[in-house]
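Take a look at the structure set out below.
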Amino acid sequence: MDSLEKQTKRDQWGSRTGFILAAMGSAVGLGNIWKFPYVAGANGGGAFLFLYILFVLLIGIPVMLAEFSIGRNTQRDVVHAFQKLAPKSPWVLAGILGVVATFFILSFYSVVAGWTLNYIAQYTVGGLGQAANTNYGEYFSQFISHPLMPIFWQTMFMILTVLFVYKGIKNGIEKLNKVLMPTLAVLIVGLAIYSLNLDGAMDGLKFLFQPDWSVLKDPSVYLAALGQAFFSLSLGLGALITYGSYLSKEEKLPSASLTIASLDTVFAIIAGLLIFPAVFTFNIEPGAGPGLVFITLPDIFGNFAYGQFVAITFFFLLAAAALSSAVSLLEVTVAFVIRQLKWTREKTAIFVGVLVTLVGIPSSLSLGIWSEIKLLGNLNIMDSIDYVASNIFLPLGGLLISMFVGWGWNKRDVLSEVNFQTNSLGTLWLISLRYITPIAIFCVLLYSLGII
Ligand code: PHE
């Protein structure tokens, strides 16, 4: 133990359940409820789902286990974890990528999350959903292009996020997730049951579960499925290294990873069960894109009995899921800064939170008054940041993490760290980290950079 560790005792999870709920909270977010349905919709439904599940099993769970092992073994933030395991080596790049990417992802994630808060407020007191024939498309585009309103809600969302990180691991993040995750489960199942009783339920189910294998000829479907799996499981950026670092040595990692990844996938599928029956009932194009939950669903809610109440419940679900993920994104940088600059958690949480909020403002403006500014090719500021962080840094981080645990770390130490019951499971895990994951990510990276 070095002197810094003696001075400042690191916080830890209060219980195994608390840790699992927090990691689930990180995983279940806008990625499941907002992104999964429209990405699945745009990529052919059933066949996409099949690929997605395959990638979660072959690649997602092994990488998750790799992240937890690095974190728990070192009890450090992402950057210092690599410095401890492989001093003075380039592996630390994986940690730096994680800090930079989570910081920038949070900057625009909080913009979208802010929209959900606005919808809750407008449905509750602002009169949204009360007039028949509201044009939700127009409402949405007017709202997101407004110079101030979205920034106000983005700031509100960031204040909430900072609050829980400020309070620490056990008293902040763990407590939040212990309340939110069971609530989310009840809400999403309730809303899905409601949706499954609509007339278009069968068509929605067919779309989601009946695969049209011909879409698999298109390489972009593989890219979308792998990218979505990494994003949804919170992989590649060290969020789960950070959460694993607050775990004591007694916990069993393989079963925790299996539980978290399965439940995250179940959440995404239930989000599909909620959205597609509604989409088919009202004859909407399932690949409607990012506007699906902000335009299409409000349109649909307008036709429901108790539509306003259903809408408030839905947007609360979305906001809560986003909050528990945002907290994990913020914690990556906060944990790093606390150790690097030896600041208190309180000061660090506020400082980093303010910085993320400021950096997010241009993203918000890029949907309105700054929409003419293009950074990468034809992409506006928000899409450019999303592209670099989610399509390049995230897979690159995942590649480095899996190569490090597969090749860079002593094999005997790794296997004893994860306490696999049988050798064959450990071997399978290493095969995934050494070969399957790097090759798959490498292909995806080349494809997304336009090289193949
Ligand atoms: N998994 C989160 C979601 O589905 C997003 C996230 C990505 C969180 C990476 C942390 C790290 O919305």
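The values are calculated or read from the model by the stated rules, or taken from the named source; none is laboratory data. Note that this is a predicted model, so its numbers are computed, not measured. Here the Cβ is made from the backbone with ideal geometry for all residues, glycine too, and neighbour counts use every protein chain on show. Each accessible area value is taken on the protein alone, full model and side chains, heavy atoms only, with ligands, DNA and RNA left out. Shrake-Rupley method; radii C 1.70, N 1.55, O 1.52, S 1.80 Å.
Values computed for the structure shown
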read-out	value
Calculated [θ] (222 nm, deg cm²/dmol) that DSSP helices of n ≥ 4 give over the chain, each run adding -39,500 (n - 2.57)	-21500 deg cm²/dmol
Kyte-Doolittle mean at least 1.6 and Cα axial length at least 18 Å: DSSP H helices in the chain	149-166, 253-281, 307-341
Rounded to the nearest 20 debye, dipole of the chain from Cβ charges on Lys, Arg, Asp, Glu	1560
Cα gyration tensor category, rounded, prolate or oblate, for the range 77-235 with a/c compared to 1.5	oblate
Centroid-to-centroid separation of the range 161-197 and the range 55-118 [C-alpha atoms, Å]	22
Of all accessible heavy-atom area on the chain, the percent that carbon and sulfur account for (1.4 Å)	66
Per residue accessible area in Å² of the range 396-452, where ligands, DNA and RNA are left out and the probe is 1.4 Å	53
Partner lysines for K374 [C-alpha distance under 29 Å; skip if fewer than 8 residues away on the same chain]	K35
Selection from V189, A22, A225 lying farthest towards where the dipole of the chain points positive, charges on Cβ	A22
Note, ³J(HN,Hα) from phi for the range 294-305, Karplus 6.51, -1.76, 1.60, rounded to Hz, x at Gly and Pro	9, 10, 5, 4, x, 4, 5, 4, x, 8, 8, 5
log₁₀ of I(q)/I(0) at q = 0.15, 0.16, 0.17, 0.21 Å⁻¹ - the range 342-429, Debye sum with one point per alpha carbon	-0.80, -0.83, -0.85, -0.97
Viscosity 1.567 mPa s, 4 °C: Kirkwood-radius Stokes-Einstein D of the range 1-97 over Cα pairs, µm²/s	79
Neighbour-limited loop hits for trypsin sites (Lys or Arg not before Pro), the range 83-168 (at most 14 other Cβ within 10 Å; DSSP other than H, G, I, E, B)	K88
Selection from Y166, T155, Y136, by position along the positive dipole direction of the chain (Cβ)	Y166
Flagged links, alpha-carbon separation over 21 Å, of K167/K347; K9/K167; K84/K170; K9/K249; K252/K342; K9/K252	K84/K170; K252/K342; K9/K252
Accessible area in square angstrom per residue, the range 290-344, 1.4 angstrom probe	32
Angstrom value of the Kirkwood radius, inverse mean 1/r, which spans all Cα pairs in the range 200-278	15.1
Loop trypsin sites (Lys or Arg not before Pro), the range 194-297 (other Cβ atoms within 10 Å of the site Cβ: 16 or fewer; DSSP)	K249, K252
Residues with amide H under 5 Å from that of G129, placed H, sequence gap 5 or more	none
From the C-alpha gyration tensor of the range 3-448, square roots of 5λ in Å	34, 25, 20
Of F207, S364, S89, farthest towards positive along the dipole that unit charges on Lys, Arg, Asp, Glu beta carbons give the chain	S89
